[in-house]
1. In region 95-111, what residues are in contact with a strand residue (DSSP E or B) (Cβ under 7 Å, 6 or more places away or on another chain), closer than 25 Å to A207 by Cβ and away from ligand 2 (no atom under 16 Å from the Cβ)?
2. Of all residues in region 204-245, which are among the hydrophobic types (A, V, I, L, M, F, W, C), within 15 Å of ligand 1 (Cβ to nearest atom) and assigned to a loop (DSSP other than H, G, I, E, B)?
3. Could you list all residues from region 23-38 that are surrounded by 19 or more Cβ atoms within 10 Å (Cβ to Cβ) and part of a loop (DSSP other than H, G, I, E, B)?
4. So, of the residues in region 289-304 that are under 13 Å from E19 (Cα atoms) and either among the basic types (K, R) or free of Cβ contacts under 8 Å to residues at least 12 places away in the same chain (or both), which turns out to be surrounded by the most Cβ atoms within 10 Å (Cβ to Cβ)?
5. Looking only at residues in region 214-224 that are farther than 15 Å from L250 by Cα and touching a strand residue (DSSP E or B) at 6+ places or on another chain (Cβ under 8 Å), which one is surrounded by the fewest Cβ atoms within 10 Å (Cβ to Cβ)?
6. Being near ligand 1 (Cβ under 10 Å from one of its atoms) and crowded, with 16+ Cβ neighbours inside 10 Å is the filter here, so list the residues in region 167-201 that pass it.
7. Looking only at region 88-116, count how many residues are part of a loop (DSSP other than H, G, I, E, B), more than 14 Å from S53 (Cβ to Cβ) and not hydrophobic (A, V, I, L, M, F, W, C).
8. Would you check which residues across region 1-12 are surrounded by 11 or more Cβ atoms within 10 Å (Cβ to Cβ) and not in a helix (DSSP H, G or I) and list them?
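The values are calculated or read from the model by the stated rules, or taken from the named source; none is laboratory data. Please read all numbers here as calculations on a predicted model, not as lab measurements. Please note: Cβ atoms are built from the backbone with ideal geometry, for glycine as well, and neighbour counts cover all protein chains shown.
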Amino acid sequence: MIRMRRLRANSSIRSLVRETVVTKDDLVYPVFIKEGINIKEPVGSMPGIYQYSPDRFEEELERIISAGIKAVLVFGIPVHKDELGSEAYNDNGAAQNVIRTIKQKAPDIVAIADVCLCEYTSHGHCGIVCGNEILNDETLEPLAKMSVSLAKAGADIIAPSDMMDGRVGYIRNALDANGFKNTIIMAYSAKFASAYYAPFRDAAESAPSFGDRKTYQMDPANGREAVRECENDIAEGADIIMVKPALAYLDVIKDVSYTARCPIAAYNVSGEYAMVKAAAINGWIDEKKAVMENMTAIKRAGAKIIITYHALDIARWLKEF
Ligand code: PBG
Ligand code: ZN
C-alpha cells in the first residue's frame, strides 16, 4: 500500500520533509510615522499597531532590532496636505526624518520607503487629480521627486505603490540621474482594488475623499493581467515585484512565480491582519497557529518576502520554537 502517513509519523520526520519554512529573514514590518512630537497613537482597527512621531519611533526601533527583524517599510503622514501632495518630497518630512534615524542608529536595517501621494494629497488619491480623473503622466514627476528625496534620506529600497503606468521606468531614470543608481526598486506590481485596505487607510489617514481607486488599482477578478503588470515592471527595471493583498491572491503569487525570475514580495495587508486579530481577541482562533499557517501559505505560493504587521509577533514566536 502507498502509505502517505509514513512521512508524518513524528515531528523529526515531518520537519525533515517540510518544504516551506518561514524565517525572520523573510519579513518586512510596516511602520506609520506621523509628523509631530511625542505621538504614539493606537490604530483602532489594527490592534497592536501605532502611529509614531519620529522622536517616539526610536522606542519602536529598539523593539524591531531586538526582535531581529531586518527590514521596515516606512509610511509618512504629513500635517499639511494639498492638492498636489507636495509634502511628499519635503526633505524634512516625517518619513525622510525617520529613514535618516534608522540609517544612523541601525545601518543594517533595510529601510524601504513607500512612494505614493495618497497620504499627502487633500483628496486622498494616489495621483494628481483633475475634476474626477486621476491623471497618469502628470503624477510621474511628483513620484520621482518623492523617490529621490527618500533615497537622499538613505532609503535602501524605493517602493512605489501608486499603480500609475510607466512609473517604475520614470523613477529608475530619476534615481539614476541623481546618483542613486544602486537604490533598489520594489514595485507594487499587481496591486488590486481591495476591501482589505480599509484599516490601513485609518492608519495612514489616506482614504480617498471621493470615488474609489478602481481606475488605477487592478480588478480583483483578473489573474492574467497581474502577470502582465509584473512583466511590465520588470521590463521597466523593477528589482523586486509585489503582489498585494496576499491571502486572497495566492493564485496570483503562484502564477507570477512561474514566469518572474526576480524576488517576489507579497503584502499581507491591514484587513487580513485585522481579521486574524479580531478572531484571536475573541478567542475564536489560536493566533500563533493561524498566523504561521498564513505565512507558510504565502511563502509556499511563491513569495520570498512577506510584508506583515505580524512581523514582531512572529519573531517572538520563532524564538520560542
Ligand atoms: C496606497 C496604499 C495602500 C496600502 C499601502 N499603500 C492601499 C490603498 O489605500 O489603496 C495598503 C496596505 C494595507 O492595507 O496594509 N498607496
Ligand atoms: Zn496611494
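1. If we filter region 95-111 for residues that are in contact with a strand residue (DSSP E or B) (Cβ under 7 Å, 6 or more places away or on another chain), which is where we start, we get 95, 98-99, 102-103, 109-111.
Checking which are closer than 25 Å to A207 by Cβ leaves us with 95, 98-99.
Of everything in region 95-111, those that are in contact with a strand residue (DSSP E or B) (Cβ under 7 Å, 6 or more places away or on another chain), closer than 25 Å to A207 by Cβ and away from ligand 2 (no atom under 16 Å from the Cβ) turn out to be V98, I99.
2. So in region 204-245, the residues among the hydrophobic types (A, V, I, L, M, F, W, C) come out as 204, 207, 210, 218, 221, 226-227, 230, 234-235, 238, 240-243.
Among the residues that remain, those that are also within 15 Å of ligand 1 (Cβ to nearest atom) are: 204, 207, 210, 218, 242-243.
Across region 204-245, the qualifying residues are A207, F210.
3. Applying the first criterion (surrounded by 19 or more Cβ atoms within 10 Å (Cβ to Cβ)) to region 23-38 yields 26-35.
Of everything in region 23-38, just one residue is surrounded by 19 or more Cβ atoms within 10 Å (Cβ to Cβ) and part of a loop (DSSP other than H, G, I, E, B), namely E35.
4. Going through the qualifying residues, I end up with K299.
5. So the first thing to find is which residues in region 214-224 are farther than 15 Å from L250 by Cα, and the list is 214-219.
After this cut, where a residue has to be touching a strand residue (DSSP E or B) at 6+ places or on another chain (Cβ under 8 Å) as well, the list is 215-219.
Details: T215: 14, Y216: 18, Q217: 20, M218: 22, D219: 10.
Among them, the one singled out is D219.
6. Y188, K191, F192, S194, Y196, Y197, P199, F200, R201
7. Step one: list which residues in region 88-116 are part of a loop (DSSP other than H, G, I, E, B), which gives 90-93, 106-109, 116.
Pick out the ones that are also more than 14 Å from S53 (Cβ to Cβ) and you get 90-91, 106-109, 116.
Checking the rest, the ones that are also not hydrophobic (A, V, I, L, M, F, W, C) come to 90-91, 107-108.
Residues meeting the conditions: 4.
8. None - no residue of region 1-12 is surrounded by 11 or more Cβ atoms within 10 Å (Cβ to Cβ) and not in a helix (DSSP H, G or I), so the list stays empty.
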